[in-house]
Amino acid sequence: MSAVTSDLPETRSSSAEKVRGSLARRHAAERRFKAIGMLAVILGLSFVAILFATVLRKGVPAFWQTTVTLPVHFDPAVVKVPPMPAPQAGQSPAAYQEELTAWRTMLAGANWGRLIENALLAELPPEAASRRRDVQRLVTSSERFRLRDMVERDPGIIGQTVTVTLLADANVDIWMKGNVDRSLSDAQLALNPEQRRYVDTLNEKGLMQQSFATALFLNVDSRASPASAGLAGAFVGSLFMMLIVIVLSVPIGVAAAIYLEEFAPKNRLTDLIEININNLAAVPSIVFGLLGAAVFINWIGLPLSAPLVGGLVLTLMTLPTIIITTRATLRAIPPSIRSAAVGLGASRVQTVAHHVLPLALPGILTGTIIGVAQALGETAPLLLIGMSAFVASVPATPLDQSTALPVQIYLWQGNELRNFFEGRTSAAIIVLLSLMIALNALAIFLRRRFERRW
Amino acid sequence: MFDASAFMQGRSGTDAAGAVHAQPVTEPNITARDVSVFYGQKRALHSVSLNIPGKAVTAFIGPSGCGKSTFLRCFNRMNDTIEGARVEGTIMIDGSDIYDPNLDVVELRARVGMVFQKPNPFPKSIYENVAYGPRIHGLTRSRADMDGIVEGSLRRAGLWEEVKDRLSESGTGLSGGQQQRLCIARAIAVGPDVILMDEPCSALDPIATAKIEELMDELRRNFTIVIVTHSMQQAARVSQRTAFFHLGNLVEEGPTEQIFTTPSDRRTQDYITGRFG
């Protein structure tokens, strides 16, 4: 005893010295670690900032598009369409419908392009009359159908002059926005010198303006008339897929997670299932696309390019995410709550339904929304089930051909009219990112709203 | 050497202590015969046989890991919920074998309530905490009946006066001691015969502990109470019978006073005098 006591002061002073000696080293290590951590954060944030800056710089101008506002004379000599048939006494509804369809067909055959040309020529110098082809290409080709639709809605406007705002051609838009180097040679420019002069003339007359690009949201994709290409078809396709993903993957995923976590015995089989679910989450998404093509299209015979198939494939991809997050949430519920319920005589199903699930709900919601957001941005598997096809219609049902938002971005990104579609692509990216941010914000909101403390 | 009176002074009133001896020993309410519990390969309890009298408090004491909680959890088959746990032997409560394969464990747990070490109210309102048990067992038909059960249970748990104006507030907002009494009210609401308490005061301060102990003294008129405790003073204060466990064996059991004054086993004496534990 006494030996130890006498040793003590000396030991103490030497150990204090050692502690002091190691302090500088330890503090330095801490500073180094903090610096590396901060550097990593700054690096990550700057990448995000660069990404957003690029996308916004290119995409935001694409939300405005060049238009020409012109008085269009609906010349009966050009349109040459009889007045809209009115139902006559004694005529059956079927017969009237037939007559109406015949009238509409006649409308579609009218030379609407000529009306636009005439309206443009009225504003241009007289010599332009000999270059009708060049003039016609100043306005995007799909605007002819706008005029037709106007007449179909109100046949009374034939013979009248109406001021119409028409979408300019994509090349005119590029020229007006300065997205092309004006000093290039004629051979390298899409617009010939006359067209360029006409555009400048119209602009000087104050007929051209930048209007909000409603076409981007309301129209489907278009190749013949790039200026009117929009996201409507892709948006509805993505919407159908997300609905299918939510309807299928949430019940299946949550039920599977509850079974595995709360009911299944812990044995080799459930261990194997757990490992496989974790592995599934790491399977490259393109493999899921191959699986979907093989199973849903070749074997079951579902149609190609259908949002239903896309939804099923994305469901398979989302399931592991939902199962894993739900299980993690269930595991985080304090066991004391389960003991309390079981101790009162609640059955296992009652324990889960009355106590565990309500507490796990915010976590499950978060996992689900993040899984769905991931599925929303998934592209690779959709390419393999034919959703990268050019589809110029809005799908009415999940079985119709369709494309999806990320696939539309991919398609536009590869379009040969680069100067125009670069902006369109970035605009579509902004739309997709906004949806993702909205979904994630919803996840955060729901988690805050339903979170209960104990 | 060992002064038993130091322990006995802590009792919640000498009258209560006196009453224990005046009371005739009732028929055993719980009879355990050769109960062994295994967790996987590990044997946690070695052939324990014990009679637990009705309408009295029986305390299980012993050092950590001695099997007292394990034994307690046999009485409402909570061990069933632990993966790999296996129980051998027989336990009869009021003459029926609770490990009978035909017995529904839900019904058993309605008869044998449990209060846990850490207060674990549901993150629901105070009212819902108490009403949950009666509701899942279908004990009431009308809202008024339920109100009656909730009030009665909270009154018996000595909590009514403190919470009657805020029944709709969360049960988790109460203080630790109140939460534990809420858990007791929740257990009482189902109308059990037996209440198991697994170290109910270990997470509470002395004042809250005193309230729970008073409550136990009150409750034993109507319920058979089995309590696991680490505090020997608490066992001495609240229980009429005490069982001492060590390394998975029941070393000794008997009237509390006898265990604390004249223990027959050397290990019991060492434990209650603080030589180990």
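Can you tell me which of A:Gly367, A:Gly386, A:Gly371, A:Gly345 is of a type outside the set (A, V, I, L, M), buried (at least 17 other Cβ atoms within 10 Å of the Cβ), over 20 Å from A:Phe52 (Cβ atoms) and within 14 Å of chain B (Cβ to nearest Cβ)?
Only one candidate passes the filter, namely A:Gly345.
Taking A:Gly310 as meeting all but one of (1) within 14 Å of chain B (Cβ to nearest Cβ); (2) within 20 Å of the chain's Cα centre (by Cα), write down the number of the exception.
Failed condition: (1).
Please enumerate the residues belonging to the stretch B:106-117 that are surrounded by fewer than 20 Cβ atoms within 10 Å (Cβ to Cβ), within 20 Å of A:Pro335 (Cα to Cα) and either at the interface with another protein chain (Cβ under 8 Å from one of its Cβ atoms) or modelled with pLDDT of 95 or more (or both).
Within the stretch B:106-117, B:Val106 is the sole residue that qualifies.
Go through the stretch B:174-277 and tell me which strands (runs of 3 or more DSSP E), entirely inside it, have 3 or more residues that are within 15 Å of the chain's Cα centre (by Cα).
Of the strands (runs of 3 or more DSSP E) lying wholly inside the stretch B:174-277, those with at least 3 residues that are within 15 Å of the chain's Cα centre (by Cα) span B:194-198, B:224-228, B:241-246.
A quick yes/no check of all residues on (1) surrounded by fewer than 21 Cβ atoms within 10 Å (Cβ to Cβ); (2) modelled with pLDDT of 90 or more; (3) of a type in the set (Asp, Glu); (4) at positive phi:
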residue	(1), (2), (3), (4)
A:Pro381	no, yes, no, no
A:Phe390	yes, no, no, no
A:Gln408	no, yes, no, no
A:Ala441	yes, yes, no, no
A:Arg452	yes, no, no, no
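Restricting the search to the stretch B:118-140, which residues are over 14 Å from B:Ala185 (Cα atoms), at the interface with chain A (Cβ under 9 Å from one of its Cβ atoms) and touching a residue at least 40 places away in the same chain (Cβ under 8 Å)?
Once the filter is applied, which keeps residues that are over 14 Å from B:Ala185 (Cα atoms), at the interface with chain A (Cβ under 9 Å from one of its Cβ atoms) and touching a residue at least 40 places away in the same chain (Cβ under 8 Å), the stretch B:118-140 yields B:Lys118, B:Pro123, B:Lys124, B:His137.
Considering the stretch A:83-100 alone, what residues qualify as being under 16 Å from A:Arg148 (Cα atoms) and surrounded by 11 or more Cβ atoms within 10 Å (Cβ to Cβ)? Give the steps one after another, and end with the answer.
As a first pass, look at the stretch A:83-100 and keep what is under 16 Å from A:Arg148 (Cα atoms): A:83-84, A:100.
Result: A:Met84, A:Leu100.
Mind counting the residues in the stretch A:343-367 that are touching a strand residue (DSSP E or B) at 6+ places or on another chain (Cβ under 9 Å) and in a helix (DSSP H, G or I)?
1
Any chance the stretch B:157-166 includes a residue that's of a type outside the set (Val, Ile, Thr) and part of a strand (DSSP E or B)? Please lay out each step first, then the result.
Narrowing the stretch B:157-166 to residues of a type outside the set (Val, Ile, Thr): B:157-162, B:164-166.
Within this subset, residues satisfying the condition of being part of a strand (DSSP E or B) are none.
Scanning the stretch B:157-166, I find no residue that is of a type outside the set (Val, Ile, Thr) and part of a strand (DSSP E or B), so the answer is no.
Restricting the search to the stretch B:67-98, which residues are away from chain A (no Cβ under 14 Å) and closer than 23 Å to B:His230 by Cβ?
B:Gly67, B:Lys68, B:Thr70, B:Phe71
Only one of (1) outside any helix (DSSP H, G or I); (2) more than 30 Å from A:Asn179 (Cα to Cα) is not met by A:Val72, so which one is it?
(2)
Here is a list of conditions, (1) within 13 Å of another protein chain (Cβ to nearest Cβ); (2) closer than 25 Å to A:Arg447 by Cβ; (3) among the hydroxyl-bearing types (Ser, Thr, Tyr), and A:Thr318 meets all of them except one; can you say which number that is?
(1) is the only condition that A:Thr318 fails.
Those residues that are of a type outside the set (Val, Ile, Thr), more than 7 Å from chain B (Cβ to nearest Cβ) and either free of Cβ contacts under 8 Å to residues at least 60 places away in the same chain or in a helix (DSSP H, G or I) (or both), I need them from the stretch A:321-342; list them, please.
Once the filter is applied, which keeps residues that are of a type outside the set (Val, Ile, Thr), more than 7 Å from chain B (Cβ to nearest Cβ) and either free of Cβ contacts under 8 Å to residues at least 60 places away in the same chain or in a helix (DSSP H, G or I) (or both), the stretch A:321-342 yields A:Arg327, A:Ala328, A:Leu330, A:Arg331, A:Ala332, A:Pro335, A:Arg338, A:Ala341.
Hey, can you tell me all the residues within the stretch B:49-94 that are in a loop (DSSP other than H, G, I, E, B) and among the aliphatic types (A, V, I, L, M)?
B:Ala56, B:Ile82
Can you name every residue in the stretch B:95-133 that is within 23 Å of B:Ser153 (Cα to Cα) and in a loop (DSSP other than H, G, I, E, B)?
B:Phe116, B:Gln117, B:Lys118, B:Pro119, B:Asn120, B:Pro121, B:Phe122, B:Pro123, B:Lys124, listed by residue number.
In the stretch A:368-384, what count of residues is obtained for those that are among the polar types (S, T, N, Q) and not in a helix (DSSP H, G or I)?
1
Just a yes or no: is a residue in the stretch A:256-277 more than 14 Å from every other protein chain (Cβ to nearest Cβ) and under 26 Å from the mean Cα position of the chain (by Cα)?
no
What is the number of the single condition among (1) more than 13 Å from the chain's Cα centre (by Cα); (2) more than 13 Å from chain A (Cβ to nearest Cβ); (3) in contact (Cβ under 8 Å) with a residue 60 or more places away in the chain that B:Asn102 does not meet?
Against the list (1) more than 13 Å from the chain's Cα centre (by Cα); (2) more than 13 Å from chain A (Cβ to nearest Cβ); (3) in contact (Cβ under 8 Å) with a residue 60 or more places away in the chain, B:Asn102 comes up short only on (3).
Among the residues that make up the stretch B:16-24, is at least one of them modelled with pLDDT under 50, more than 20 Å from B:Ser231 (Cβ to Cβ) and in a loop (DSSP other than H, G, I, E, B)?
Scanning the stretch B:16-24 turns up at least one residue that is modelled with pLDDT under 50, more than 20 Å from B:Ser231 (Cβ to Cβ) and in a loop (DSSP other than H, G, I, E, B).
Residues checked against (1) among the small types (Gly, Ala, Ser); (2) surrounded by fewer than 17 Cβ atoms within 10 Å (Cβ to Cβ); (3) farther than 16 Å from A:His73 by Cα; (4) under 29 Å from the mean Cα position of the chain (by Cα):
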| residue | (1), (2), (3), (4) |
| --- | --- |
| A:Ala128 | yes, no, yes, no |
| A:Thr140 | no, no, yes, yes |
| A:Val151 | no, no, no, no |
| A:Val164 | no, no, no, no |
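Could you grab me the full set of residues in the stretch A:402-434 that are part of a loop (DSSP other than H, G, I, E, B) and in contact with a Gly (Cβ under 8 Å, 6 or more places away or on another chain)?
A:Ser402, A:Thr403, A:Ala404, listed by residue number.
Would you mind finding the one in B:Asp198, B:Asp165 that is of a type in the set (D, E, K, R) and surrounded by fewer than 19 Cβ atoms within 10 Å (Cβ to Cβ)?
On the way: B:Asp198 fails: surrounded by fewer than 19 Cβ atoms within 10 Å (Cβ to Cβ).
Testing whether each residue is of a type in the set (D, E, K, R) and surrounded by fewer than 19 Cβ atoms within 10 Å (Cβ to Cβ) leaves just B:Asp165.
Kindly indicate whether any position in the stretch B:161-169 is within 14 Å of chain A (Cβ to nearest Cβ) and over 18 Å from B:Thr224 (Cβ atoms).
yes
Give the residues of the stretch B:71-98 that are in contact (Cβ under 8 Å) with a residue 60 or more places away in the chain and under 16 Å from the mean Cα position of the chain (by Cα), sorted by residue number.
Result: B:Phe71, B:Leu72, B:Arg73, B:Phe75, B:Asn76, B:Ile93.
Out of everything in the stretch A:272-296 that is in contact with a helix residue (DSSP H, G or I) (Cβ under 6 Å, 6 or more places away or on another chain) and β-branched (Val, Ile, Thr), what residue ends up being farthest from A:Ala234 (Cα to Cα)?
Out of the qualifying residues, it is A:Ile277.
Is there any pair with a first residue in the stretch A:60-75 that is without any contact (Cβ under 8 Å) to a residue 40 or more places away in the chain and a second that is buried (at least 17 other Cβ atoms within 10 Å of the Cβ) and not in a helix (DSSP H, G or I) whose Cβ atoms are under 9 Å apart and which are 6 or more apart or on different chains, and what are they?
Every condition considered, no pair remains.
The values are calculated or read from the model by the stated rules, or taken from the named source; none is laboratory data. Since we're looking at a predicted model, the values are computed, not measured. Positions of Cβ are generated from backbone atoms using ideal geometry, with glycine treated the same way; all protein chains shown enter the neighbour counts.
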